[in-house]
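Notes follow the structure.
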Amino acid sequence: DAGVTQSPTHLIKTRGQQVTLRCSPKSGHDTVSWYQQALGQGPQFIFQYYEEEERQRGNFPDRFSGHQFPNYSSELNVNALLLGDSALYLCASSGTGGGQETQYFGPGTRLLVL
Amino acid sequence: AQKVTQAQTEISVVEKEDVTLDCVYETRDTTYYLFWYKQPPSGELVFLIRRNSFDEQNEISGRYSWNFQKSTSSFNFTITASQVVDSAVYFCALSEAEGNTPLVFGKGTRLSVIA
């Protein structure tokens with residue numbers, strides 16, 4: 001049973017560029033949440049996707065957008081990259097109901113913006 | 001608003017010592033979940049435990065144990081007979097109990113177990 005997978009593992013971009021990160025949820029899960037973890041900090045919630053729609057959003061600007069596909073996989077897009085966007089981006093998947101809401105995390109994508 | 005405080009930034013212990021990681025939370029919700037996750041150097045957050053606010057029973061899983069005290073809004077984590085493989089950053093987190101709600105994390109405690 002594959003866990004949550006993310007790609008790529010590492011990325012280096014320059015300011016102003018755009019980036020797309022990808023996530024495949026754990027088998028049987030239909031909800032994907034994205035978190036940003038700056039160095040030395042706890043993860044911060046970006047947004048959550050369910051049934052191909054953004055269901056909840058944290059305090060992040062519109063430069064951060066996402067998408068969920070019919071197979072429940074998800075993408076996180078960040079436009080007009082800033083130096084401060086350098087972080088570990090974590091994807092978490094979870095199920096719906098029956099105690100399935102525990103979020104399981106992928107290995108993350110380390111983004112460096114130069 | 002919800003908040004999680006992990007006052008210990010870094011802890012260093014010698015192998016086989018017991019260690020307790022503290023977690024204090026704030027929430028106005030009457031029902032909520034508390035979590036602990038482990039983050040080894042690889043970066044992946046590994047789920048350790050989820051506790052419902054109605055269940056104040058302490059839990060033990062092997063060398064790990066958790067002490068939930070609603071009266072002090074604390075959910076502390078103890079590792080007994082620590083091992084080098086326990087070295088990681090440990091995060092305490094909180095979420096509402098209804099549906100898939102976002103996790104609010106503390107800043108984490110970095111545990112180093114020295115052989």
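Tell me the relative contact order for chain A as a rounded percent, counting alpha carbon contacts under 8 Å between residues six or more apart. Let's see the in-between values first.
Numbers: 300 pairs, mean separation 41.3, N = 114.
The value is 36 percent.
About the Cα centre of chain B, what is the dipole size in debye to 20, counting +1 per Lys and Arg Cβ and -1 per Asp and Glu Cβ, all else neutral?
Numbers: 10 positive and 14 negative charges, 25 e Å.
My answer is approximately 120 debye.
For chain B, what's the relative contact order in percent, using C-alpha pairs closer than 8 Å and at least 6 residues apart?
Working: 280 pairs, mean separation 43.5, N = 115.
So the answer I get is 38 percent.
Rounded to two decimals, what is Rg over Rh for the stretch B:25-115 when you use alpha-carbon atoms and the Kirkwood radius? It would help to have the intermediate numbers written out before the result.
Details: Rg = 13.5 Å, Rh = 13.9 Å.
Ratio of gyration radius to Kirkwood radius for the stretch B:25-115: 0.97.
Taking the protein assembly as shown as the region of interest, what is the percent of Cα-Cα pairs per 5 angstrom bin, listed from the shortest bin to the one with the maximum distance?
With 5 Å bins starting at 0, P(r) equals 1, 7, 14, 18, 19, 17, 12, 8, 4, 1, 0.
Mind listing the phi-derived Karplus ³J(HN,Hα) values for the stretch B:42-58, rounded to whole Hz, using 6.51, -1.76 and 1.60 with θ = phi - 60°, and x for any glycine or proline?
Whole-Hz 3J(HN,Hα) from phi for the stretch B:42-58: 5, x, 6, 7, 9, 5, 10, 7, 10, 10, 7, 5, 7, 10, 9, 5, 5.
Springs between alpha-carbon pairs under 10 angstrom, Gaussian network model over chain A: which of A:36, A:17, A:103 fluctuates most?
So, out of A:36, A:17, A:103, the one fluctuating most is A:17.
List the lysines whose Cα lies under 29 Å from the Cα of residue B:16, skipping any in the same chain that are fewer than 8 positions away.
Excluding near neighbours in sequence, the set is B:38, B:107.
Assign unit charges at the C-beta atoms only (+1 for Lys and Arg, -1 for Asp and Glu), then state the dipole size of chain A relative to its Cα centre in Debye, rounded to the nearest 20.
Numbers: 8 positive and 10 negative charges, 102 e Å.
The dipole of chain A has a size of about 500 debye.
Between the DSSP loop rule and a limit of at most 16 other Cβ atoms within 10 Å, which GluC sites (Glu not before Pro) in the stretch A:32-79 are left? Present the calculation step by step, with values, prior to reporting the outcome.
On the way: sites: A:51, A:52, A:53, A:54, A:75; in loops: A:51, A:52.
Sparse-neighbourhood loop GluC sites (Glu not before Pro): A:51, A:52.
Out of residues 5 or more away from residue B:46 or on other chains, whose amide H comes under 5 Å of its own, with H placed 1.01 Å from N in the peptide plane?
B:38, B:39
Please report the orientation-averaged projected area of the stretch A:1-80, defined via the convex hull of its C-alpha atoms, in nm². List each step's numbers first, then the result.
Details: hull surface 23.5 nm².
Result: a mean projected hull area of 5.9 nm².
Here, each number is a calculation from the coordinates, and none is a lab measurement. None of the values given here were measured: they were computed from a predicted structure. Virtual Cβ from ideal backbone geometry, glycine too; neighbours counted across all protein chains shown.
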